[in-house]
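One structure is given below, encoded as structure tokens.
Just so you know, all these numbers are worked out from the coordinates, no wet-lab data involved. This is a predicted model, so every value here is computed, not measured. Cβ placement follows ideal geometry from the backbone for every residue including glycine, while neighbour counts extend to all protein chains displayed.
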Amino acid sequence: MDAVNKMYLRFPVARRIEHWVMMLSFTTLALTGLPQRFPNNALSQGILFALGGIHALRVIHHVAAVVMMLGTAWHLLVMGYRVFVMRDQLSMMPTLQDAKDAIQALLYNVGFVKTYPKMGRYTFEEKMEYWAFVWGAAIMGITGFMMWNPITATRYLPGELIPAAKAAHGNEALLAVLAIIVWHMYGVHIKRFNKAMFNGNMNEADMRHEHALELEDIQDGTIERRRPDAATLRKRQRIFYPIAAVLTIGMLGGIYGFINAEQTALTTIPPIVETAPPPPSAP
């Protein structure tokens, strides 16, 4: 089988579903958040009209935010399982080698060196995207809580931070959308169309170019030898599952508190119509 047709599994179905959930929630947040950031824009007003007004827009935005929080909680549990039970390497953690790979890739792209860097499970570009998302999610979560629950936030923080949170929330959202359009779309879908998040697989030629070190580990059996045996797996699962259950309850409780800390949303009320008093009766 040639290198183009020989496939290697990169992402199982569960990871692909996780990616789609996060992608759809992010897209929904962008489509409902940016019109609030730029309310006078004609496109923003069109989206506002299509979705049924500002109240519906905010409800959809909040629902998408909750979905993203649930997706983040699930991601933490999955990562915990992979690291503690399966003993997977922390391959998404940045290292000094990533900086060296970035320099070599730049020199390769401008023609100063002839070889592209050999990288492992994740490239330096993928790590940068991942940690940018983590940073952005943290900023959006903190500032989102402050705007969603301003009274609770100002019990512990100066009131001036609420408008500051609004500015940071909107600007970070704009930065995230631009990063997806400019960086992610080009790097994943234009420069080299990566179908791994659609079908889970990558062919050998792309693996050799993008993840040469991982391909070597697969082919020489290193990754398979790292897998724990059945007895060890069960032992670790017995430890992990109770901890995961407690963490799940804690995270769900945190999300519930995020949503229900207070009821401060403005509601639309009918306008008050003042009527003139009746004229005085004639004597």
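Express in % the proportion of alpha carbon pairs of the range 7-260 at distances exceeding 22 Å. Please list the in-between numbers first.
Numbers: 20880 of 32131 pairs.
Across the range 7-260, Cα pairs with separations above 22 Å total 65 percent.
Apply 1/(1 + (r/R0)^6) to the Cβ-Cβ distance of Leu247 and Arg192, taking R0 = 30 Å, and write down the FRET efficiency to the nearest 0.05.
On the way: r = 37 Å, r/R0 = 1.23.
About 0.20, to the nearest 0.05.
Can you tell me the FRET efficiency between Met185 and Thr154 if r is taken as the Cβ-Cβ distance and R0 is 45 Å, rounded to the nearest 0.05?
Working: r = 39 Å, r/R0 = 0.87.
Computed FRET efficiency for Met185 and Thr154: 0.70.
Which distance in nm do the two modelled labels at Tyr108 and Asn5 give, with both placed 7 Å along the Cα-to-Cβ direction?
In this crude label model, Tyr108 to Asn5 measures out at 2.7 nm.
Please enumerate, by chain and number, the lysines with C-alpha under 27 Å from the C-alpha of Lys118, excluding those fewer than 8 residues away in the same chain.
Excluding near neighbours in sequence, the set is Lys6, Lys100, Lys127, Lys191, Lys195.
If I model the range 1-151 as equal point scatterers sitting on the Cα atoms and use the Debye formula, what is log10 I(q)/I(0) at q = 0.09, 0.16 Å⁻¹?
With one equal scatterer per Cα and no solvent, log10 I(q)/I(0) is -0.46, -1.04.
What whole number of Å gives the distance from the Cα centroid of the range 191-223 to the Cα centroid of the range 35-89?
30
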